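Nothing in this text is a laboratory measurement; each read-out follows from the coordinates by a stated rule. A quick note: this is a predicted structure, and the numbers were derived from the prediction, not measured. FYI the Cβ positions are ideal-geometry reconstructions off the backbone, even for glycines, and counts take in every protein chain you see.
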Amino acid sequence: MIKAKPLHAASFAEIFNYVAYFLIAAILLSATYRRYDLDSQDPYKCEALLNDGQWLDSLQSNGSRSPYKGWQAPGCLIHQYKPAEIARCVDDRKIVFAGDSTVRQVFWALARKLNKTEAEDLEHSAYKHEDQKSTINGVTLEFLWDPFLNGSSLYDGLRAYNHKKTGKVWSNNTGDSAALMVVGGGAWFSRWFDLAHSLREYQETLDNITEFTRSEMSLADTISTSKANDVGDQVFLTPIQIPIYDKLEGIRRETIIQGEVETMNVYLEDLSNRNNVLWSYLAMTEEEEDSLDPTGFHVVQNIADAKADVLLNLRCNAKLDQTGGYPYDRTCCSAYKPAVFVQWGVLLAGLAIAGFALYNAFRAEQQDATKQALFFAVATLAYCYLADRTQLFDKDKKHFENSEFFLLSGLTLLAGVLSIRRSGRPSNGGPPKDQPFLSRDQTEEWKGWMQFAILIYHWTGASSVLWIYEIIRLMVASYLFLTGFGHTCYFLKKGDFSFKRVAGVLVRLNLLSCALPYVMGTDYLFYYFAPLVTFWFGVVYLTMRVYSSRNDNTGFVIAKIAISAILVTILLETPIFDAIFAVLGFIARIHWDVHEWKFRLGLDRYIVFIGMLVALLFERYNTAVSSGSSLRSFNAIRISAIVASIIALPAVQLIYRTFPSKESSNAIQPFLAAVPILAFVVLRNASPTLRNFHSSVFAWLGKCSLETFTLQFHIWLAADTKGLLSIGIFHGDGSLMGDRWRDFIVLTPVFFWISWKLAAATGTITAWMLKEGDESDSGAMEMDTLEKGAWISVTQKQWRARVWPKDLRLRMGVLLAGMWVLNWIWW
C-alpha cells in the first residue's frame, strides 16, 4: 500500500510550480514586448545612451546627489574603460576634441582614464586657450581650442571623416580620419554676440558642421549593417551646457542671458535626427545644482568622467564585444557575439522543451524523471543564454545603499526566524530524536543563510564596503570548512573510496558549471565555487585514501592532514599550477587564469584542513560514546570551548578592524578565518535545544545553494555578475520603489524556483549517469517533492542503457572526450 503525501506538502510544491510558470511566461512575454516593440528602433540601446540616463546616487537632505558616481543609461551597462581597451578600440588612431572649455573638460577626463598622474601633470602645465596634443599609453588625444567652431583644423578633420564614411573627396590633403571626434561649443556666441546675432551665428556654424556629419543611418543601423558589428568612426556633437545663471560672474553674468543658450539647443535638437548629439550630457546636470562647479558653468570632475565613459561606450562597446570575451558588461550600443552552433543548439532545444514542459505541466499522467530532468536542465541553459547573451532583457547598474542592504538582510532574518522548526521528527509521527553535532538540518541551514547573505551582497553591490566583504569572505571559508568536515566524516565512517563515489561527487558538483561555459562563452573557473569545492574534495579524498587502512589511528590521520596542508602550500607557492594550466591549454584548449585561481585557493588554504580535524574529533567522540567511555573530559572541553568562543568573536572583530584594506584583510584571512568559524560551530551546538531546532527556510535554500550561487551569474544578476537583470518595462527612478525593486520582486521567485528544480534535476541526472547497466531502475528515482525539490515520484525507464556504456569508467571517459571535442570546436 502506497502512503499518500501530506496535503500541505503537495499544495506548497504545486502552488510554487504554478506561480513560477505564470511568472516565467509573464517575464518572457513582457521582455519580448519591450525588446521588439518599445525598443524596436533602438535594439542596442545606442539612442538610450546617447540621449538619456539618471543618477542612482540617493538624494541627500539638501537635495544633492553628490558625489555623482552612479550614472545609469536606460536599460544598459556602462563599462569603465581601461587604457589597453581604449587602445584596442582606436587602433593607433587619434581621438579629437574640438570646441570650448566644456569639451576640454571631457578631453582631460579621457586623458585621466589613460594615465591619471600624467594627465594631471599635463593639465596643470597647459595654457587653457590653446590646442593640446598628447600620446598617453599608446593613445593619441588632441584638443582643438575652437570656441566658435570655425577653425581650419576642425574642418580638415570633418572632411577626413566624411571622406572615409562616404568616399567623397573634399581636398587632396585632409589628413587621416580620427577614430572619434567630439565637437561642441556655443556659449561664446552668447558671450560675444548680442542677442539678435548669437542664434544666427550659431545656426550658420552648425549648418556648416553638419554638412559633414549628418548621416542617414543611426548608430543601431551602423551596427546592424557592419560586418564586424562596429559603429566605426563617429563624430558626436555636444549641446551647450546650460549654466546656473545665479552663479555666473563677471562678463559671463553680463552677456549670457537666460533663455539664450536654451534657444540654441532647440536648434541643435532639430538637427538631431541625422546627427549624433550627446543629449545625455545635459541630462547629467538637469536640476542638479551641485553638478556644476562654483563658476556655474563647468561640471564637477565626476560628471566629466561620466561624460568620457558615455563617449567611449558609444564608440567602443560594439567593437570590443566582438573581439573580446566575458564579462559582457558593455551592454550599451553593442550587439552580442553571434551564437555559435553549440549555443544555437541549446537555445532551440530549450525553446522546444519549454513548450513541451508547459504542455506536460497540465497533464495528469506522470513523466519519466530522467527525461524531465534533462529537459529542465537544457531549458535552464537556454534561459541563461536569453537572459545574459541577448538584448531580450535589460541590464542595470548596481549601486550600493546602506538602507537597501539592511532592509534585505532584515527581511531574510525575519523569514528565517519565523520558519524555525524542530528537527528529527520521524515520518511515522513518533517523538523527535535528538540531533547530533552539525546535523544535516543544521549544515543545510548554515549553507542556506550564508547563501542568502551572499546573494544580498552581490545584488546590492556591497563589495565596496570592507566589513561586509570580510564577512562574506568568512562565509566562503565556512562553505569550504563544511566541505572538509562532511567528506572526512563520510570517509572515516563509510570507508568508501570507490570510483563511483568520486565520480558521483564530481559530476554532481560540476554538471552546471561545466555546461554553462559552452553556452555562455565563459570558462569553468569563472564559476569559482564549484571549482573550489572540487579541488578541495580531491585534497580530502587523496589525504584520506592514502594508507586508508590506518585511518583508525588518530595520530596517523593528523599526520596525513598536516602533510597534505604542507603539500598544498607548496603547490600554491611554486609554479606547478602554471605548468599544469599550460599543458591543459596545449592539449585541450583550456585557458584559465592561473593567478586568479591561485588567489582563490590561497584565501582559504587552511580552513579545509581545520574542517578535517573537526570531523576526526567528532568521529572519535562518537566512537567513545558508543563504546561507553566516560564523557567527563569531553564535557569539560565543551564548556571551555563555549567560553573561548564567546571571547573569540569580538576579539576577531577587533583584529579585522586593524586591517584597513581588502589587500591586508585578504593577507590575514587564511590564518584568522578558522577562529570565528569554529566559534560559531561551538555556539551553534552549545546545547541540545540549539542543536534540535533549525530554520526550514534557510535549510531549504541550503539544499540548492550550489545552483543559486551559479545561476545568479546570469538569471538574477546580469552581465556576468557586473549588473542586475531587468525586464525593462518598469519606469521608476532607481530608488527603493524604482525599477530594480520591481524587477527584484518579479525575478527573484523565478530565480529561486529554477535553482530549486535544477538542484533536483542535477541529482536525478547524476544518478542516471552513474547507474550501472545491469542495475534495476525500479524505484531508484523516487524523491519527496517538498523536502528535496524533486520531480513527481516516478519509475525510471530502461532507455538509459542504450545511451551510455555500461562500464562507469568508460562512461566518464566518453563524457570527458566529448568535452575535449567541444573545447576544440567552440573556442
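Tabulated results
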{"item": "Total formal charge among the other residues, if their Cβ is under 15 angstrom from that of Tyr656, Lys/Arg +1 and Asp/Glu -1", "result": "+1"}
{"item": "Cα long-axis angle, helix 116-125 against the chain (0 to 90 degrees, to the nearest 10)", "result": "20 degrees"}
{"item": "Anchor Lys662: aspartates and glutamates whose Cα lies under 20 Å away (excluding residues fewer than 8 positions away in-chain)", "result": "Glu401, Glu470, Glu596, Asp604"}
{"item": "Gyration tensor verdict on the range 50-323 (Cα atoms; rounded if a/c is under 1.5, prolate if a/b is larger than b/c, oblate otherwise)", "result": "rounded"}
{"item": "With Cα atoms, 0 to 90° folded angle of helix 594-603 axis to the chain main axis", "result": "50 degrees"}
{"item": "Extension gain (nm, one decimal) between Ile563 and Leu38, 0.36 nm per residue minus Cα-Cα", "result": "182.7 nm"}
{"item": "Listed residue (Gly495, Gly324, His714) projecting farthest to the positive dipole end of the chain, Cβ model", "result": "Gly495"}
{"item": "Net charge of neighbours whose Cβ lies under 9 Å from the Cβ of Ser665, counting Lys and Arg as +1 and Asp and Glu as -1", "result": "0"}
{"item": "Chain lengthening between Ala644 and Tyr490 when straightened (0.36 nm per residue, less Cα-Cα)", "result": "52.6 nm"}
{"item": "Mean separation of Cα contacts under 8 Å, 6 or more apart, over the residue count of the range 399-721: relative contact order %", "result": "36 percent"}
{"item": "Farthest toward positive dipole pole in the chain [+1 Lys/Arg, -1 Asp/Glu at C-beta], among Phe375, Val340, Thr210", "result": "Phe375"}
{"item": "Gyration tensor verdict on the range 399-721 (Cα atoms; rounded if a/c is under 1.5, prolate if a/b is larger than b/c, oblate otherwise)", "result": "rounded"}
{"item": "Within the chain: Cβ-based charge dipole about Cα centre, in debye rounded to nearest 20 (Lys, Arg +1; Asp, Glu -1)", "result": "4660 debye"}
{"item": "Whichever aspartates and glutamates have a C-alpha closer than 19 Å to that of Lys398, once near sequence neighbours (fewer than 8 apart) are set aside", "result": "Asp52, Asp57, Asp305, Asp309, Asp329, Asp388, Asp720, Asp733, Asp739, Asp743"}
{"item": "Counting all C-alpha pairs of the range 551-653, share separated by more than 24 Å (%)", "result": "50 percent"}
{"item": "Neighbour-count ranking [beta-carbon atoms within 10 angstrom, fewest first] of Val519, Val682, Val340", "result": "Val340, Val682, Val519"}
{"item": "Residue among Phe16, Gly75, Leu219 farthest towards the positive dipole end of the chain, charges placed on Cβ", "result": "Phe16"}
{"item": "DSSP-assigned coil residues among GluC sites (Glu not before Pro) in the range 201-272, each with at most 12 further Cβ atoms within 10 Å", "result": "Glu216, Glu249"}
{"item": "Antiparallel DSSP beta bridges within the chain, as percent of all bridges there, nearest 5", "result": "50 percent"}
{"item": "Net length gained if the chain between Ala817 and Ser226 were fully extended (0.36 nm per residue, minus Cα distance)", "result": "209.0 nm"}
{"item": "CD proxy at 222 nm, helix term only [per DSSP H run n ≥ 4: -39500 (n - 2.57); per residue of the chain; nearest 500]", "result": "-19500 deg cm²/dmol"}
{"item": "Cys residues of the chain counted as unpaired, since no other Cys beta-carbon is under 4.7 Å", "result": "Cys384, Cys489, Cys514, Cys704"}
{"item": "The range 401-500: C-alpha gyration tensor shape, a/c 1.5 cut-off, then a/b vs b/c", "result": "oblate"}
{"item": "Fewest-first ranking of Ile563, Ile765, Ile642, using other Cβ atoms within 10 Å as the exposure measure", "result": "Ile563, Ile642, Ile765"}
{"item": "Set Lys164/Lys307; Lys397/Lys722; Lys371/Lys771; Lys500/Lys560; Lys395/Lys722; Lys113/Lys397 screened for pairs whose C-alpha atoms are more than 18 Å apart", "result": "Lys164/Lys307; Lys500/Lys560; Lys113/Lys397"}
{"item": "Label-point separation, Phe599 to Arg200 (7 Å along Cα→Cβ), nm", "result": "6.2 nm"}
